[in-house]
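Down below is the structure, laid out as structure tokens.
The values are calculated or read from the model by the stated rules, or taken from the named source; none is laboratory data. Here the structure is a predicted model, which means the values were calculated and not measured. With ideal geometry, Cβ positions are generated from the backbone for all residues, glycine too; neighbour counts draw on all protein chains shown. Note: accessible area is taken over every heavy atom of the protein model, side chains too, but ligands, DNA and RNA are not part of it. Shrake-Rupley method; radii C 1.70, N 1.55, O 1.52, S 1.80 Å.
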Amino acid sequence: MALTIRAVVLIISLVVLQEIGDAEKPAGLLMKCRFDKIYQLGDSLSDTGNCLRETLCGTHSSCRRFPYGMNVFHKPTGRCSDGMLIIDFIALESGLPLLNPSKDPNADFSHGANFAVAGATALSVKSLTEKNIATSFTNSSLNVQLHWMSSHFKSISSPEKLNKSLFLVGEIGGDDFNYGLAQGKSMEELRKMVPDVVQTIINGVKRVIGFGATRIIVPGNFPIGCVAAMLTQFRTNKITAYDEYHCLKDLNSLATFFNHHMQKAIHETKKKYPNIILIYGDYYNAYMSLLRNAVSFGFDKNSLQKACCGIGGKYNYNTNKKCGAPGIAVCVDPSTHISWDGVHLTQEAYKWIAKWLIDDMLPQLNCYD
């Protein structure tokens, strides 16, 4: 049975890679790294079904309903997209099956596990409460996910070495700021949070190293000023508030401020662990590269910041009538949109971002033919 499942996975992988690859590059660029497992920590950008298995999170998440998962899976899987996520494309490029959510008791974890939860924060609920920021519908912060990971490794009777495994610590931390923005926190207040969020993530990295990880990716944040939900919430008639791509400058400045501190912290951590491959995942520039080249990639030039699944306003987004709710329509062709639901991206957008990231990170992973 295992061989049959593996064969099916490889066939699906080859088909998908053929669809997402371009003519200039061979499929499976990460196969040369020979990863045997991948482990993911994070939020809704990476969750493959953990939120659905939490009572409160699963009840309130829009991602539990169709049309989420309409492409490839043809049903909701807990992924907050119409199809696959960045981590799915990374797994396929590594020649591995898609990662199962760690909360699925019947799942196969022989090739790794996904601990990410939609809505999760880097800081604990207690820490955010002290900053007068209320969390959404999950308490599964980074430290909680790390506890699950620790229990996972302890549950393996004879755990193998992890030197052939890839770990992704994030993207996480974005929701810490998103919740703050939604609750009226000022840019100054949010910038003051950055050192705490960064340090929490770095502490998580150190804990992962303690588990035995030797190859770790720590993603930064997307340019949140380009996201439909934020463009709707902070819409203004002040022309100078927007950059040349019609993204909000102040919000992108917050993201770059966080990313700068994250990169600096990664650099300092690498000095303390010279034998560990620790890489910054440049989600910001991956997204901006997509936005700049979107039309040539086949995206609709008139819908680059409009949600595919949504209703109302300039950006087809309404926080009170979200994707998945009754009567909310889906665009004719999601592959022509970057934004899926105003917050998360389409499978097509994640595909191109994953390709950019893999090209950027592969030389740093020290993989050999």
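Report in % the part of the accessible area of the chain that belongs to carbon and sulfur, leaving out ligands and nucleic acids; probe 1.4 Å. The value for the chain is 54 percent carbon and sulfur by accessible area. Computed over the alpha carbons of region 177-218, Rg followed by Dmax gives 14.0, 41 Å.
The sum of -39500 (n - 2.57) across all DSSP H runs of n ≥ 4, divided by the residue count of the chain, sets its helix-only mean residue ellipticity at 222 nm to -12500 deg cm²/dmol. When Rg and the Kirkwood radius Rh are both evaluated on Cα atoms of region 205-326, their ratio Rg/Rh stands at 1.09. Think of a 1.4 Å ball rolled over the protein heavy atoms: the chain then has 44 Å² of accessible area per residue. Here each label is just a point 7 Å from Cα along the line to Cβ, and for Met187 and Val295 those points are 2.9 nm apart.
The solvent-accessible area of Lys264, taken with every protein chain present and a 1.4 Å probe, is close to 130 Å². A Stokes-Einstein calculation at 20 °C with viscosity 1.002 mPa s, built on the Kirkwood radius of region 89-232 over Cα pairs, returns a diffusion coefficient of 129 µm²/s.
Given their separation in residues at 0.36 nm each and the Cα-Cα distance between them, His74 and Val125 gain 14.9 nm when the chain is fully extended. Under 11 Å from a label point set 7 Å out along the Cα-to-Cβ vector of Asn132, the amide N atoms of region 172-200 belong to 184-186.
Sparsely packed loop sites in region 297-369 (the chymotrypsin sites (Phe, Trp or Tyr not before Pro) outside DSSP H, G, I, E and B with at most 10 other Cβ atoms within 10 Å) comprise Tyr368. Converting the Cα gyration tensor eigenvalues of region 73-149 into ellipsoid dimensions via √(5λ) gives semi-axes, longest first, of 27, 15, 11 Å. Accessible surface of Arg64, taken over heavy atoms with a 1.4 Å probe and every protein chain present, rounds to 80 Å². Taking amide H as placed 1.01 Å from N in the peptide plane, Gly281 has its amide H under 5 Å from the amide H of Val218, Gly220, each at least 5 places away in sequence or on another chain.
Normalised by the empirical 2.2 N^0.38 Å for globular proteins, what value does the Cα Rg of region 257-359 take? Here the Cα radius of gyration is 1.35 times the empirical estimate.
For the peptides 254-262, 220-228, the ranking by packing is 220-228, 254-262, with the highest mean count of neighbouring Cβ atoms within 10 Å listed first. Working from label points 7 Å from Cα in the Cα-to-Cβ sense, the Val332 to Gln199 distance is 5.4 nm. If you plug the beta carbon distance of His60 and Thr256 into 1/(1 + (r/R0)^6) with R0 = 51 Å, you get a FRET efficiency near 0.95. Under the membrane-span-like helix rule (DSSP H runs whose alpha carbons stretch at least 30 Å along the helix axis, mean Kyte-Doolittle hydropathy -1.0 or higher), the chain yields 187-211. Counted over region 246-291 with a bin width of 5 Å, the fraction of Cα pairs per bin, in whole percents, is 5, 18, 23, 21, 14, 10, 6, 3, 0. Length gained on full extension, Tyr245 to Glu268, computed as 0.36 nm times the residue gap minus the Cα-Cα distance: 5.0 nm. Compactness check for region 111-163: Cα Rg over 2.2 N^0.38 Å is 1.41.
Exceeding 26 Å between C-alpha atoms, which entries from my cross-link table qualify? They are Lys75/Lys301; Lys103/Lys164; Lys75/Lys351; Lys103/Lys192; Lys126/Lys238. Lys75/Lys301; Lys103/Lys192; Lys126/Lys238, as the Cα separations exceed 26 Å there. Checking the cross-link pairs Lys131/Lys272; Lys154/Lys322; Lys131/Lys249; Lys37/Lys206; Lys185/Lys264 against a 29 Å limit on the alpha carbon distance flags Lys131/Lys272; Lys154/Lys322 as lying beyond it.
The three principal axes of the Cα atoms in the chain give end-to-end lengths of 59, 44, 41 Å, sorted in falling order. Out of Ile86, Gln40, Thr135, whose Cα points farthest toward the positive end of the dipole of the chain (charges: +1 Lys, Arg; -1 Asp, Glu; placed on Cβ)? Going by the charge dipole, the pick is Thr135.
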